[in-house]
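Nothing in this text is a laboratory measurement; each read-out follows from the coordinates by a stated rule. As the structure is a computational prediction, the values presented were derived from the model and not from experiment. Note that we place each Cβ from the backbone using ideal geometry, even for glycine, and neighbour counts take in every protein chain shown.
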């Protein structure tokens, strides 16, 4: 049973996720600070599932008339890039995959490459402008994070698409459903299926 403080942090973090487009980790930390809990114990911090549940409740209550169309637009952007980078076995993850994205959300794709530099080379050959950063990968080691700006005609604005470059072996085991029956990521076929059922 979650404590009252944990539930309060989850609800406050969900508001930041929806209203400001924050990622879950920073949103939880900021929510805890806003509640005056500068040294919140890790046991009191909500997990991402609790925050996602609160995000879904918030969206249903305050964004039911706008969020479905915004999610559909972001999924179109994701599908475009998944088609364009199909040779790298792209999988969609994050809020756009899980169905909780709004126009403030970024698109998160994972590319599974035999050679980690091959995605960069292909994008250069295609004339795609991108930035390079890094994040911790599944093995706790840094992996490349590429980012591109992509215009969404449906939203009338640009969307940031993050491309995490992973090893081909990292794909194994990543498609198992969680306790709610949802997976953490899906390929283009799975995304198209979601888009069809949503409409």
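Points worth noting:
- In plain terms, the residue of 191, 74 with the fewest other Cβ atoms within 10 Å comes first and the most crowded comes last, giving 191, 74.
- Taking the range 94-126 and a reference point 7 angstrom along Cα→Cβ of residue 87, the backbone N atoms nearer than 12 Å belong to 114-115, 118-126.
- Whole-percent pair-distance distribution, where bins are 5 Å wide, for the alpha carbons of the chain: 1, 7, 15, 18, 19, 17, 12, 7, 3, 1, 0
- Taking the range 1-130 and dividing mean pair separation by its residue count, relative contact order in percent (alpha carbons under 8 Å, at least six apart): 22 percent
- Once the Cα-Cα distance is subtracted from the 0.36 nm per residue extended length, the residue 44 to residue 129 segment shows a gain of 26.4 nm.
- Mean separation of Cα pairs under 8 Å and 6 or more residues apart, divided by the residue count, gives the range 4-62 a relative contact order of 47 percent.
- Annotation: the range 24-108 has a Kirkwood hydrodynamic radius of 14.6 angstrom, from the mean reciprocal C-alpha pair distance.
- Footprinting exposure proxy for 130, 88, 162 (fewest neighbouring C-beta atoms within 10 Å first): 130, 162, 88
- Fewest-first ranking of 198, 147, 152, using other Cβ atoms within 10 Å as the exposure measure: 198, 147, 152
- Length-normalised contact order for the range 67-198 - Cα pairs under 8 Å, 6+ apart - percent: 29 percent
- Looking at the chain, the DSSP beta bridges with both ends there are about 75 percent antiparallel.
- Segment residue 72-residue 150, extension gain: residue separation times 0.36 nm, minus the distance between their alpha carbons: 26.6 nm
- Most mobile listed residue (75, 139, 98) in the chain, GNM with C-alpha springs under 10 Å: 139
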